[in-house]
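The values are calculated or read from the model by the stated rules, or taken from the named source; none is laboratory data. Not measured: the values here are computed from a predicted model. All Cβ positions, even for glycine, are placed from backbone atoms using ideal geometry, and neighbour counts span all protein chains on display. Calculation scope for accessible area: heavy atoms of the full protein, side chains included, ligands and nucleic acids excluded. Shrake-Rupley method; radii C 1.70, N 1.55, O 1.52, S 1.80 Å.
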Amino acid sequence: MNVILLAHTPKPDAVVAAAARMCYKDVTAQDLLNSEENNLSKNLIAELFTSGHLSTFEHVNFTFGIDGLSRVASHQLVRHRLASFSQQSQRYVKMNYDENDSSVIIPPSIENNSEAQKIFIQQARASHEAYKKLLELGIKKEDARFILPHGFSTRLILTMNARELHHFFNLRLCRRAQWEIHELARRMLILCREKAPVLFEKAGPSCIFGECNEKRSCGKIYKDMEELLFV
């Protein structure tokens with residue numbers, strides 16, 4: 001998997017803090033932004049997060065380029081409705097298969113089991129051979145793709161605002177999240193924290209900042225952000 005940050009709202013921490021102060025001060029937006037650049041209010045953003053006043057977070061957007069994600073994970077990703085997606089189309093792009101270039105994403109549980117990996121690769125290869133034969137018979141790519149497994153790698157561009165990113169990180173960085181989207185969320189949060197350290201200081205699963213909100217807890221609370229992001 002490869003995840004890069006393509007673009008983001010400039011000065012994201014300052015924009016959110018300035019937007020919050022706009023509600024209570026009779027000054028121009030530019031004056032507020034200049035003030036926040038010189039004296040960024042970390043306490044204000046923390047107060048907004050704690051109180052649940054997150055509408056100001058929506059003024060900040062982040063756009064990611066994602067390669068090497070399975071369609072299993074992308075199907076979960078698009079459930080986050082307050083986001084924009086542009087995904088590689090199997091209707092127009094011919095799907096190639098190479099066991100050495102991650103054309104199909106292999107789950108760790110299968111990769112670490114030689115017999116399971118053998119079965120998986122054989123089936124992936126057979127599915128792609130059937131796909132190629134259908135194309136040779138004149139079947140359109142949009143119909144031939146029905147034979148391909150969900151594990152086929154895809155590419156997409158994703159944009160979320162900071163409020164939705166907090167929601168995304170809260171759900172997908174939980175230990176109970178599916179392993180692949182968990183890894184995607186981990187990489188995305190690292191990138192977000194580099195550009196907006198104050199805004200995303202408390203982004204992540206609920207267990208890190210209080211109590212687990214899951215009805216069926218995993219029982220393994222992260223001790224800190226270092227364990228979550230870098231271990």
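A few remarks follow.
- Protection proxy ranking of 58-66, 137-145, by the mean of other Cβ atoms within 10 Å over each peptide's residues and highest first, is 58-66, 137-145.
- Separation of the alpha carbons by more than 31 angstrom is noted, of Lys118/Lys215; Lys94/Lys202; Lys195/Lys223; Lys11/Lys220, for Lys118/Lys215; Lys94/Lys202; Lys11/Lys220.
- Each residue, Ala116 and Gln87, gets one label point 7 Å from its Cα in the Cβ direction; the gap between the two is 2.4 nm.
- Ranked order, Asp224, Asp31 - accessible area, probe 1.4 Å, largest first: Asp31, Asp224
- For the chain, a Gaussian network of Cα nodes joined below 10 Å ranks Pro205, Pro149, Pro12 by mean-square fluctuation, and the top entry is Pro149.
- Placing +1 on the Cβ of every Lys and Arg and -1 on the Cβ of every Asp and Glu, with no other charges, gives the chain a dipole of roughly 680 debye about its Cα centre.
- Segment 40-140: translational diffusion in µm²/s, Stokes-Einstein, Kirkwood Rh over Cα pairs, 25 °C, 0.890 mPa s: 138
- Proportion of all alpha-carbon pairs of the chain beyond 33 Å (%): 30
- Segment 3-60, accessible area per residue, ligands and nucleic acids excluded (1.4 Å, Å²): 60
- Net charge dipole size for segment 181-231 [Lys, Arg +1 and Asp, Glu -1 on Cβ; Debye, nearest 20]: 160
- Å² per residue, accessible surface of segment 76-170 at 1.4 Å: 62
- Spin-label pair Asn2/Glu58, simplified geometry with 7 Å Cα→Cβ offset, distance in nm: 3.5
- Pairwise centroid distance, computed over Cα atoms, of segment 173-231 with segment 52-78, Å: 15
- Of all accessible heavy-atom area on segment 1-118, the percent that carbon and sulfur account for (1.4 Å): 47
- Unit charges at the beta carbon, dipole of the chain: most positive-side option, Phe168, Met95, Leu82: Met95
- Selection from Thr154, Gly52, Phe200, by position along the positive dipole direction of the chain (Cβ): Thr154
- Amide N of segment 168-198 lying under 16 Å from the label point, which is placed 7 angstrom from the Cα of Ser109 along Cα→Cβ: 175-183
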